[in-house]
1. Kirkwood Rh over Cα pairs of segment 91-188 into Stokes-Einstein at 25 °C, 0.890 mPa s: D in µm²/s?
2. Going by amide H atoms built from the backbone, whose H comes under 5 Å of the H on residue 156, apart from near neighbours?
3. Can you show me the helix-derived [θ] at 222 nm for the chain, built from DSSP H runs with n ≥ 4 at -39,500 (n - 2.57) apiece and divided by the number of residues, rounded to the nearest 500.
4. Can you work out ³J(HN,Hα) from phi for every residue in segment 72-82, in order, using Karplus 6.51 cos²θ - 1.76 cosθ + 1.60 and θ = phi - 60°, giving whole Hz and x for Gly and Pro?
5. Of the options 133, 28, 62, report the single residue whose Cα projects farthest towards the positive end of the charge dipole of segment 11-181 (beta-carbon charges: Lys, Arg +1; Asp, Glu -1).
6. At a Förster distance of 30 Å, what's the computed FRET efficiency of residue 98 paired with residue 57, Cβ-Cβ distance as r, to 0.05?
7. Evaluate the charge dipole of the chain about its Cα centre and quote only its size in Debye, nearest 20, assuming +1 on the Cβ of each Lys and Arg and -1 on the Cβ of each Asp and Glu.
8. For a quick check of your reading of the filter: which GluC sites (Glu not before Pro) in segment 142-188 sit in a DSSP loop and have no more than 13 other Cβ atoms within 10 Å?
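Please treat every number below as a calculation from the coordinates, not as lab data. Since the structure is predicted, the reported quantities are computational estimates derived from the model, not experimental observations. Every residue, glycine among them, receives a Cβ derived from its backbone with ideal geometry; neighbour counts consider all protein chains shown.
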Amino acid sequence: MSEMMTGAVSPLNGKTIATGFATVAEVGLKGMVSLRADLGSKALAKALKALGLKTPAPREIVTEGGRSVAWMSPDELLVLCGYAEAAGVATDLEKALAKEHALVANVSDARAMFTVAGARADEVLMKLCPVDFAALKPGEMRRTRSAQVAAALWRSGPEELSLICFRSVAGYVMGLLEVSSRKGGEIS
């Protein structure tokens with residue numbers, strides 16, 4: 001029986017490449033729930049509190065107890081959680097915001113997440129993204145592009161950056177990150 005018939009698989013099955021000056025890894029299955037609503041709503045604040053989170057400030061990502069919530073735009077948040085709990089998180093948010101003008105969507109299977117780790121992780125993404133990495137603070141979310149692909153990124157650790165893109169371009173993004181992690185970005 002194929003993997004597709006037995007359950008969900010991540011875009012690149014958790015592929016990791018450590019041949020350059022940074023380690024590039026596809027995170028594997030990750031729960032992601034997109035939420036469009038009035039970010040100043042009391043109902044939203046209460047719904048996020050029930051998840052152990054708070055409404056992030058503009059361009060902020062807040063992490064508590066294994067879950068994160070990222071500010072994506074003036075009316076959009078992205079909740080990151082375990083893959084298995086994403087459907088429940090989406091259902092809980094829908095119920096909590098039933099009387100609000102809001103849209104909740106489990107986008108876990110439509111996105112891919114990568115980490116770039118190592119002392120020179122910034123250099124990998126500097127080659128691809130128009131972002132001032134020297135000014136990118138811990139806890140700051142940035143929506144940008146990686147080459148010509150829409151992406152969101154943040155510092156997820158002292159020497160680690162995380163990047164989210166559409167699942168359909170995961171192989172392309174992995175290739176970009178892998179080549180960019182080589183000295184000079186040379187193709188071997």
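1. 165 µm²/s
2. Result for residue 156 returns 161, 162.
3. On the way: 5 runs with 41 residues, N = 188.
Result for the chain: -6000 deg cm²/dmol, rounded to the nearest 500.
4. 10, 6, x, 10, 9, 10, 10, 9, 10, 7, x
5. Toward the positive end, the furthest listed residue is 62.
6. Numbers: r = 26 Å, r/R0 = 0.87.
For residue 98 and residue 57, the calculated efficiency is 0.70.
7. It works out to roughly 240 debye.
8. Here the GluC sites (Glu not before Pro) that fit, given the DSSP loop and packing criteria, are 186.
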